[in-house]
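Visitor: The structure follows.
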Amino acid sequence: MRFIKIVLLSLIALGLIFSYAFAAADTTKGKVLFNDFKFAGGTAGKSCNSCHPEGKGLEKAGGKKEFNLGGKMQKSLEEAINVCIVMANKGKAIDVKSDPMKELVAYIKSLKPVAAADKPERK
């Protein structure tokens, strides 16, 4: 019985480790897309980073359920991302269930507010 418990706990630990590793990979790919001027066929010469340098202004977006963009309400982060792709980047909306969308969402959800101690001093 003890052997079974050890095996089960080991499997759970491995699962958590691998899920963290895959999440980190998704955020890395998401950051690449976030900085890609040609993502989703964009023709405006902009990337997500053009309006949100280093994710600025999106730190709380991962926890929101609704977004008001352009006077219209989007009911998910995926919908809000597509509005930005179409309106700001002049690209084509992407499938909300696609890997690129999942990667962008993972990156945006990974953004954290910069603590006051970490902000550079103004001179």
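Every read-out reported here was derived from the displayed coordinates using simple, explicitly stated rules and does not represent laboratory data. Just so it is clear, the model here is predicted, and its values are computed rather than measured. With ideal geometry, Cβ positions are generated from the backbone for all residues, glycine too; neighbour counts draw on all protein chains shown.
Visitor: So which chymotrypsin sites (Phe, Trp or Tyr not before Pro) in segment 34-106 are both in a DSSP loop and have at most 11 other Cβ atoms within 10 Å of their Cβ? Spell out each step's value before the answer.
Guide: On the way: sites: F34, F37, F39, F67; in loops: F37.
Within segment 34-106, no chymotrypsin sites (Phe, Trp or Tyr not before Pro) qualify (loop, at most 11 other Cβ atoms within 10 Å).
Visitor: Additional query: Which pairs, out of K72/K92; K5/K109; K5/K102; K5/K64; K60/K90; K38/K60, put more than 29 Å between their alpha-carbon atoms? All intermediate terms of the calculation are to be shown ahead of the outcome.
Guide: Details: K72/K92 18 Å; K5/K109 34 Å; K5/K102 34 Å; K5/K64 39 Å; K60/K90 25 Å; K38/K60 26 Å.
Check vs 29 Å cut-off fails for K5/K109; K5/K102; K5/K64.
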